[in-house]
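Written below as structure tokens is the structure these notes are about.
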Amino acid sequence: MTLPVTVAAEDAPKARRFVSLRLRLLAMVLLVLVPWLALVLFTQADERKVAIANVGDDAMRLVHIVTSNQAAQIEAARQLLMAFARLPQLRKKDPAACSALMAEMLKAYPLYLNMGLIEPDGNLTCSAVPLREPVNLADRLYFELAIQTRDFVVGDYQTGRVTKLPAINYAYPLLDAAGNVEAVIYIAQNLDWLTMALAGVQLPSGAVLAVTDRNGTVLARVPHAEGAVGMRLAEPALIAAIAGRKERGLVESEDAGGIGRLWAYAPLIAGNDFHAMIGVSKSVAFADIDRRLARNLFAFGLVTVLALAAAWFGANRILRQVDALVAATRRLRFRRSGSTRSVDGRPERDRVARRFFQPDGGNAAGARSRVAARRGKDARCRG
């Protein structure tokens, strides 16, 4: 009597077996590929560090050029004011003669907007640009600093009360024999001239060059941006770094427009609160690195898809052979063996299949046959 083969009860285990083997093969493929991905990401991170260092070095060199030029300009203003302080026309307290002299000097120095002399009470009595009304400058920072320090000082960004133009003022005190301040002479620098001077610096693509006063107000910016001059810096990390009294450094920051930059900054003069800074766009600085990363990630993704597909179809093929072997053992269990069917023609799997399909291939029926044969042989020997 031949018993029917029932497989419905084993469908669920079979499905689970398929899923388990597939998942294991896919997991093995992913484990093999993970080190490659880690290497790609590590290499990219290392390249970014090198790029940041290189960009920082280049930016700092440019900042050094700018600060050297601006420091020379500030020093020239100091020397000019010290020369003015020795002129007798300024000490005679003759406003007309002083103003005429300043007007002549202003023609020789077109980078300045005005020159003048301020009395200790803050009244402007001498000006290269003619005064239309009385002007008092007692509240100006450069005047206050000159009175306090009794030395050359640099003021902040301001709009001139005589010229009505944005400027930065340099001041120097006139002292009497007792060391008291008799007056303060000043010159106002044209910020447009400063911007033109900065425009001569060869900047990397997408870079920004700026000069700021002690309050972080932009005095000049290249490339020009409408409304930028006179406004505060919009990069919080850069402002914090400068406020931390760091002499020079490199910082990553993001402006109000969401553009990330690497900023190199340094004071115009050692110990001075005026700074020059260059911001290099990170998208430009890391363009080559990002392209290589995109290529490597694409290659990784392609290889991953192909490897997973191969593992998936390979799992299907293996599972078909496993199911054939499982079916053979099931038939043997119900005494339906006898076939010597080949699994897929491969020697290794054929040998396994034959061990299952042959009557003495290691199954229970083969074992019973061998036991019966031995008993018959023993009986004949006893007879």
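The values are calculated or read from the model by the stated rules, or taken from the named source; none is laboratory data. What you are looking at is a predicted structure, and each value in this text was computed from that prediction instead of being measured. Here the Cβ is made from the backbone with ideal geometry for all residues, glycine too, and neighbour counts use every protein chain on show. Calculation scope for accessible area: heavy atoms of the full protein, side chains included, ligands and nucleic acids excluded. Shrake-Rupley method; radii C 1.70, N 1.55, O 1.52, S 1.80 Å.
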### Task
Can you bin the range 266-313 into rounded, prolate or oblate? Criterion: square roots of the alpha carbon gyration tensor eigenvalues sorted a ≥ b ≥ c, rounded for a/c under 1.5, prolate for a/b above b/c, oblate for the rest.
prolate
### Query
Using unit Cβ charges (K, R positive; D, E negative) and no other charged atoms, how large, in debye to the nearest 20, is the dipole of the range 42-134 about its Cα centre?
340 debye
### Query
Which distance in nm do the two modelled labels at Asn136 and Glu47 give, with both placed 7 Å along the Cα-to-Cβ direction?
6.6 nm
### Å² per residue, accessible surface of the range 24-156 at 1.4 Å
55 Å²
### Message
On the principal axes of its Cα set, how long, how wide and how thick is the range 33-142? Give whole Å, largest value first.
### Response
86, 26, 21
### Query
Once the principal axes of the Cα atoms of the range 196-268 are found, what is the range along each, listed largest first in whole angstroms?
30, 26, 23
#### Entry: Heavy-atom SASA rank of His275, His224, His64 (probe 1.4 Å, accessible area, largest first)
His224, His64, His275
#### Entry: Fraction of accessible area attributable to carbon and sulfur, the range 72-162 (%, probe 1.4 Å)
56 percent
### Query
What is the distance, in nm, between label points placed 7 Å from the Cα along the Cα-to-Cβ direction at Glu104 and at Arg91?
1.9 nm
### Task
Please give the length that would be gained between Ala240 and Phe298 if that part of the chain were fully extended, namely 0.36 nm times their separation in residues minus their C-alpha to C-alpha distance (nm, one decimal).
17.0 nm
### Query
Per-residue accessible area for Leu308 at 1.4 Å probe radius, Å² rounded to 10?
50 Å²
### Query
In the range 93-250, what is the volume of the convex hull around the alpha carbon atoms, normalised per residue and reported in Å³?
141 Å³
### Query
Which whole-percent values make up P(r) of the range 180-317 when all C-alpha to C-alpha distances are grouped in 10 Å steps starting at zero?
10, 31, 23, 12, 10, 7, 5, 2, 1, 0, 0
### At R0 = 35 Å, FRET efficiency that the Cβ-Cβ distance of Thr149 and Met231 yields, to 0.05
0.80
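Give me the percent of the accessible area of the range 198-246 that comes from carbon and sulfur atoms, probe 1.4 Å, all protein chains in place.
Working: 1360 of 2420 Å².
C and S atoms contribute 56 percent here.
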